């Protein structure tokens, strides 16, 4: 059946019926609609809100369950913290302890800007969970100097301009500090095995480049960094 033809200006809005029986049916339909609308409104007000509130409370309980109180030993000082168990050591340092020397570069353990020392060993702090570092001795760039006296590596970086923009420098210096300690202990690298010197590695430029390869300098100050590490090695009798 074809739709009724409408002329221009014709009002197609519903018209209240004139016959009594039709009017009764129309009133019943209108009343049913209003009752349904009121019921729906009441459901929203009294039914959906408690559900949403319960979900919010569950989210809060879940967030609280993920938190843990720990004690971090940073640069010789103990710091009590309550952290989400997923918090990285880097974020704990920067956001909770305001030790912003360690930089967040890639946040994937690929650039080395976040390098710190964990029990004397260099680690990418963005890949270490803060809760896993509890009880360990953590040294950041802020803890290398003794008061106003810079470490041998820090002095060498200054003298040889081993930095450009400075963003990677804290990680470079921490990494170089650990490098010198590794050499003192006679730890071998890939280059040591290639040269047949794994039993008594010597700190050649090739060794320095290999051992510092985990730290990226986007400014390209690598020659200066190698020179700085070489000078620092002489100062500590390597």
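No lab work stands behind these numbers, since they all come straight from the coordinates. Remember, it's a predicted structure, so these values are computed and weren't measured experimentally. Here Cβ is always computed from backbone atoms with ideal geometry, including for glycine, and neighbour counts include all displayed protein chains.
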(request) Provide the gained length on full extension for the span residue 159 to residue 67, in nm with one decimal, where the gain is 0.36 nm per separating residue minus the Cα-Cα distance. (result) 28.7 nm
(request) State, in angstrom, two size descriptors of the range 99-176 derived from its alpha carbons: Rg to one decimal place and Dmax to the nearest whole number. (result) 12.4, 38
(request) Grab the beta carbon distance between residue 193 and residue 107, set R0 = 41 Å, and tell me the FRET efficiency rounded to 0.05. (result) 0.80
(message) If you wrap a convex hull around the alpha carbons of the range 146-238, what volume per residue comes out, as a whole number of Å³?
(response) 89
(message) With N set to the number of residues, divide the alpha-carbon radius of gyration of the range 67-143 by 2.2 N^0.38 Å and report two decimals.
(response) 0.96
